[in-house]
Amino acid sequence: MLFLLLCLQTIAGEYVSCLNSLKSWVLAIPEQFSQNPEGYGAMVAYSGKHINDMGLYYECLQTQDANYVVFQLHEIPSIVVGMCLPKNCTEEDYWEIIQNSKHHPDIFQASPLRKLQQTQFELDLKIFIHREKYTTLDAGACVMLAFVCTLLGVCLVATGVDYSQELKKQNPKHKRSVSSENSIVKEDPESVQTDSFIKKSSFAEEFVPSKGLKVLLAFSLYSNSKRLFEPKQEKSTLDILNAMRVLSILWVILGHSEYFRLLDSVMLNLQDVESKFKHFNYTILFSGPFAVDTFFWIGGFLQSYIVVQRLTSKGSLNWLLVVFHRLLRIVPLFLFVICLSWSLAKYIGDGPKWYNADQIMHRDCSEYWWTFLLFVNNFVMPKDRDVTCLVGAWYIPNDMQFFLASLPVFYLYCKKNRLYGWGVFLAMTLLSVVIGGIIAYNKEFNVVLYAPENITYMRDFYYKPYCRVGPYCIGALAGFVYFAFTQRQFGTSFDSFASKVSEGIHKSTWKRYACYASGLFLINLIIFVQYNAYQDMDKWTRMQNTSYFAFSKVVWGLALSLVFLPMLMGHNKLVAAFLQSDWWTVLARLTFGVYLVHMVVGQIVFMSQPTTVYFSQTNGLMDALFLAFMSFVVAVPLNLMIESPVINLEKLLIKGL
């Protein structure tokens, strides 16, 4: 072990310039057990004594003439030891000790390294001495901080003006009838919510809001917070989708919290992690990617229903405006979170593993930032690794690519022939099955996510739209059925096939229960069929793995349609009432922000952990709950200062101010 090696080599005393300090450090080993160790005794007491023992980081930094040193044997997952050593020793000194030691070959046979070797990690020693790297803000951080302060100042001024107007409006001398000029435009396809923009009263004849004032009031924290937290005035079965959003993002956070723990933290029982993953409960964790497929299904369903509804009611759409609206809903917050993380995150965290935090989190930002703006970061990436700029950002380009590809299909469906819609989406679904199966077979991917053969799984399969489009297409077809159902309520038939499907579900009790039963069966099958694969990663054959990768996502989309279409049609009122609760609606308004910031918050939190952690189900659940809470908290100001003002400004722009 490294601790023993330093002791032996220092006593041997042949090489390094910091020899005298290290001798004093070794001779002070007995002092570590005293009640209040000082000097070299404190350094020894604050040092890690075995692999993945990080010692006491903050106590070491407060010790005079001491440096905190990390000996890293493996980066991901972390195999390290943290030691508090004399300040006058350099990295070269430690390298000389290690490289010239006759004891070096025997170190890796010592416990617990002998156990770690059984996991087939390639040990690659690196040495990091703690230095104050991020004490001075760089140019990017200064610019970002100035922008945030300016934005906050604008929001505070707007809030003051808005609130003063509200007080005047409540003054009995100035009460007037509430004007309806600034009522909501239409239902927002992204959030399925109806919010008012700027509910202003003509409280005094002398007050006429100018265009500039309207723009300023778009940033009011007072009005934006009221719209964020107030429940919807009118209930709709579509509110069920809000609960699906919230539950799905919580599932995503659960999976990512364990991912961050493995990627960014130092675990005391690293050698036990693989055996813990065989527990039945972790099957739900490893099925987390289906939460993202649920978002794709929701996106396809809403886009299908809303675009078809508007095309049929209005006869035409301004397609540029549709795309512009979509870009405004995504780009401002997406870009803000990337820039905020890239420029300021390295100044927020601190801990024994923070020495490589910026490299792990933002290594590729400077080279690949443009791919995020063009929504191609799921294709353009380094050949040998994933892009490390914003973990999980692959979802955004996939969603945008599905959206753009579906617009002409919706047009053909409404204006030409219904077969175009059904035919194209079914063909795209079939292609996703075939292409996904071919890739999984050729690459020999394994259902077990951490299997060694899955080294290129994320880049070649997981990120690619042609492997993920299945649930979106199934959701779009479900949107056709739901729209046909709404039209039948008015005595019209827009799509005869979709009408027959919706009528069959709506009027037949046994068909509805058959939908529930088959849908729930498929959901549980897709999740829990993986359990035996995780008991032995070589248990499934190549064809079994290929079949799962090819069909699982499409089957997931089908299962969601079977379970939720009857409820969207007004059935199963007990469950539907729970899913339509107002608090789901409020939380759902934050889900996009939560999706973006939970990745940044998670990396900062887990890479800043001051000590070694024990990997367990209980700790994992506590991590997920904490990360979910913090992400929703951080998402609130992002919504008030970025998302809501952008929506408000868009409405002003459309109305010509």
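Does residue 604 satisfy being under 30 Å from residue 79 (Cα atoms), open to solvent by 10 Å² or more (accessible area, probe 1.4 Å), under 22 Å from the mean Cα position of the chain (by Cα) and hydrophobic (A, V, I, L, M, F, W, C)? Against the criterion (under 30 Å from residue 79 (Cα atoms), open to solvent by 10 Å² or more (accessible area, probe 1.4 Å), under 22 Å from the mean Cα position of the chain (by Cα) and hydrophobic (A, V, I, L, M, F, W, C)), residue 604 qualifies.
Among the residues making up the range 539-570, those that are of a type in the set (A, V, I, L, M), over 18 Å from residue 441 (Cβ atoms) and open to solvent by less than 30 Å² (accessible area, probe 1.4 Å) are 559, 560, 563, 565, 567, 568, 569. Test residue 459 against the stated conditions and say whether it is of a type in the set (D, E, K, R) and buried (at least 21 other Cβ atoms within 10 Å of the Cβ). The answer is no for residue 459.
Scanning the range 584-603 for residues that are of a type in the set (A, V, I, L, M) and part of a helix (DSSP H, G or I) yields 586, 587, 588, 594, 596, 597, 599, 600, 601.
Out of the helices (runs of 4 or more DSSP H) lying entirely within the range 15-131, which hold 3 or more residues that are at pLDDT below 85? Full working, then the answer.
Details: elements: 19-27, 40-45, 57-61, 91-99, 104-107, 113-117.
Output list reads 19-27, 40-45, 91-99, 104-107, 113-117.
Residue 432 fulfils the conditions (1) of a type in the set (S, T, N, Q); (2) outside any helix (DSSP H, G or I); (3) under 17 Å from residue 379 (Cβ atoms) except for a single criterion, (2). Taking the range 417-454 as the range and being closer than 21 Å to residue 277 by Cβ, out of contact with any helix residue (DSSP H, G or I) (no Cβ under 7 Å at 6 or more places or on another chain) and either open to solvent by less than 90 Å² (accessible area, probe 1.4 Å) or of a type in the set (D, E, K, R) (or both) as the test, the residues that pass are 450, 451, 453, 454.
Residue by residue through the range 372-390, note down the ones that are within 12 Å of residue 458 (Cα to Cα) and open to solvent by less than 50 Å² (accessible area, probe 1.4 Å). Listed by number, the residues that qualify are 378, 381, 386, 387.
Against the conditions (1) under 22 Å from residue 241 (Cα atoms); (2) open to solvent by less than 30 Å² (accessible area, probe 1.4 Å); (3) within 24 Å of the chain's Cα centre (by Cα), residue 401 satisfies every one except (2). The single condition among (1) within 23 Å of the chain's Cα centre (by Cα); (2) part of a helix (DSSP H, G or I); (3) under 30 Å from residue 267 (Cβ atoms) that residue 355 does not meet is (1). The lone criterion from (1) in a helix (DSSP H, G or I); (2) over 15 Å from residue 250 (Cβ atoms) left unmet by residue 633 is number (2). If you go through the range 310-352 and keep only what is open to solvent by 40 Å² or more (accessible area, probe 1.4 Å), of a type in the set (D, E, K, R) and touching a residue at least 24 places away in the same chain (Cβ under 8 Å), you end up with just 350. Figure legend. Inter-residue proximity from the range 602-619: first residues on the phi > 0 side of the Ramachandran plot, second residues surrounded by fewer than 17 Cβ atoms within 10 Å (Cβ to Cβ) and part of a helix (DSSP H, G or I), beta-carbon distance below 8 Å, spacing 6+ or different chains. No pairs are indicated. Within the range 523-538, being of a type in the set (A, V, I, L, M, F, W, C) and open to solvent by less than 40 Å² (accessible area, probe 1.4 Å) holds for 523, 526, 527, 533. Can you find, within the range 474-522, the residue that is most open to solvent (accessible area, probe 1.4 Å) among those that are at negative phi and not in a helix (DSSP H, G or I)? Result: 490. Scanning the range 132-148 for residues that are surrounded by 10 or more Cβ atoms within 10 Å (Cβ to Cβ) and modelled with pLDDT of 85 or more yields 137, 138, 140, 141, 142, 143, 144, 145, 146, 147, 148. Can you list the helices (runs of 4 or more DSSP H) found entirely within the range 202-283 that contain at least 2 residues being open to solvent by less than 50 Å² (accessible area, probe 1.4 Å)? Ranges flagged: 211-217, 221-229, 240-264.
In the range 530-548, the residues that are under 26 Å from residue 434 (Cβ atoms) reach residues that are open to solvent by less than 60 Å² (accessible area, probe 1.4 Å) and hydroxyl-bearing (Ser, Thr, Tyr) with C-beta atoms within less than 6 angstrom, at least six apart or across chains, in these pairs: 530/283.
Criterion first (polar (S, T, N, Q), surrounded by 19 or more Cβ atoms within 10 Å (Cβ to Cβ), at pLDDT 95 or above and on the phi < 0 side of the Ramachandran plot) does residue 639 satisfy it? Taking the combined requirement at face value, the residue satisfies it.
Of all the numbered requirements in (1) modelled with pLDDT of 95 or more; (2) of a type outside the set (Val, Ile, Thr); (3) over 24 Å from the mean Cα position of the chain (by Cα); (4) closer than 18 Å to residue 238 by Cα, residue 545 misses one, and that requirement is (4). For the range 484-528, the set of residues classified as at pLDDT 95 or above, closer than 26 Å to residue 406 by Cβ and of a type outside the set (Gly, Ala, Ser) consists of 515, 522, 523, 526, listed by residue number.
The values are calculated or read from the model by the stated rules, or taken from the named source; none is laboratory data. What you see is a predicted model, and the numbers here were worked out from it, not measured in a lab. Positions of Cβ are backbone-derived with ideal geometry, glycine not excepted, and every protein chain shown enters the neighbour counts. Protein only, heavy atoms only, side chains kept; ligands, DNA and RNA dropped before computing areas. Shrake-Rupley method; radii C 1.70, N 1.55, O 1.52, S 1.80 Å.
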